[in-house]
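Notes follow the structure.
A short reminder: the numbers here are calculations on the coordinates, not readings from a lab. Since this is a predicted model, take the numbers as computed values, not measurements. Don't worry about glycine lacking a Cβ; one is built from the backbone with ideal geometry, like all the others, and counts go over all protein chains shown.
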């Protein structure tokens with residue numbers, strides 16, 4: 001069977017993170033949603049996403065196809081129900097379409113809001129509907145991924161230089177290094193990925209995931225549930241946050257109840273406020289509403305799109321949204337919504353020249369041995385165009 005993960009109608013609620021990726025490629029827990037599905041299905045998947053993203057994430061079709069909502073995380077039972085779908089059938093829960101089986105000729109007629117021959121399930125599952133769900137639901141996602149990845153496997157031995165409690169909930173992959181650190185897995189599992197490193201003096205309170213080749217720097221303080229994605233470098237204090245990958249918060253400073261995309265960099269002593277002084281629920285900028293909306297959560301820090309960066313001593317207000325490829329600096333609290341390709345700070349913003357943004361991205365990629373090719377350039381160019389109105393608002 002051919003499996004296609006489609007961007008659900010909640011895709012726009014997940015901007016700016018979905019400006020540069022399909023919904024299924026959001027990291028949530030230890031794995032991305034796509035990686036979760038591919039493990040449960042034991043099969044590769046492709047994406048039905050925005051046309052400008054399809055060059056990098058092309059849709060693969062076959063005579064028979066099962067389309068799966070890319071904002072939903074799999075469970076064993078849900079996967080079995082999906083695999084048992086017959087031609088033309090749909091699985092739904094309430095008004096949410098979970099999956100449908102379509103022939104190649106009917107793919108062009110796909111409509112997420114129409115579920116003919118629908119089978120309704122009562123299965124419980126994790127679903128991303130808003131950006132703050134990524135950190136709010138991350139504890140359950142880490143637990144589910146931990147069980148999936150470690151079942152029937154044996155952890156590498158934890159070095160005797162460390163102090164740890166709840167050792168049965170600690171799993172260390174091959175090539176990982178953890179020395180002279182304190183690990184508390186009684187509050188949730190701790191997963192240290194392949195070739196990752198926890199440097200001396202780090203303090204970790206689960207649930208926590210340090211993905212492959214990521215580095216936790218000396219004396220870091222981590223409160224779970226927190227995920228640090230592949231090839232990221234993190235120091236200072238972090239609380240209930242998700243970092244997708246290839247991003248750096250290498251120095252002291254506080255990051256709380258936040259989500260960072262890929263290729264981001266926070267300057268030394270950057271701090272995020274995650275709680276309002278009046279203890280009210282936080283409002284956050286919504287791209288589809290073009291205004292600030294209630295999140296219903298009391299703790300919410302910063303949501304930052306790919307390629308964005310900030311200078312030393314940057315202070316982000318409670319509930320701040322930073323778009324793609326923004327460069328933020330300057331003393332004082334920053335505004336709560338910083339559009340993509342903005343350059344500046346408290347003294348005002350100007351457009352971040354697209355050519356300069358591309359050159360920086362090329363340099364950052366090169367530092368990691370990667371090439372910022374024509375496909376990536378085309379995506380950033382499209383995002384620059386799509387977000388023009390935000391910079392003029």
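Remarks
- Debye log10 I(q)/I(0) for segment 311-389, one point scatterer per Cα, at q = 0.19, 0.20, 0.28 Å⁻¹: -0.85, -0.91, -1.27
- Between segment 276-291 and segment 134-210, the alpha-carbon center distance in angstrom: 33
- Working from Cα pairs under 8 Å separated by at least six residues, relative contact order for segment 2-128 is 26 percent.
- For the chain, averaging the sequence separation of C-alpha pairs within contact (under 8 Å, six or more residues apart) and dividing by the residue count gives a relative contact order of 10 percent.
- Share, in percent, of DSSP beta bridges within the chain that are antiparallel, nearest 5: 25
- FRET efficiency for the pair residue 80 and residue 156, taken as 1/(1 + (r/R0)^6) with r the Cβ-Cβ distance and R0 = 51 Å, rounds to 0.95.
- From the alpha carbon centroid of segment 366-381 to that of segment 301-339 is 22 Å.
- FRET efficiency, 1/(1 + (r/R0)^6) with R0 41 Å, evaluated for residue 180 and residue 43 via beta carbons: 0.45
- Rounded is the label for segment 2-128. Its Cα gyration tensor axes, ordered a ≥ b ≥ c, give a/c under 1.5.
- Förster-model FRET efficiency, 30 Å R0, residue 389 and residue 356, C-beta, rounded to 0.05: 0.90
- Helix-only [θ]222 nm of the chain, DSSP H runs n ≥ 4, -39500 (n - 2.57) each, per residue, nearest 500: -5000 deg cm²/dmol
- Long-range tail of P(r) for segment 290-332 (Cα pairs > 11 Å, %): 70
- Counting neighbouring beta carbons within 10 Å and listing from fewest to most, the residues 307, 251, 257 come out as 251, 257, 307.
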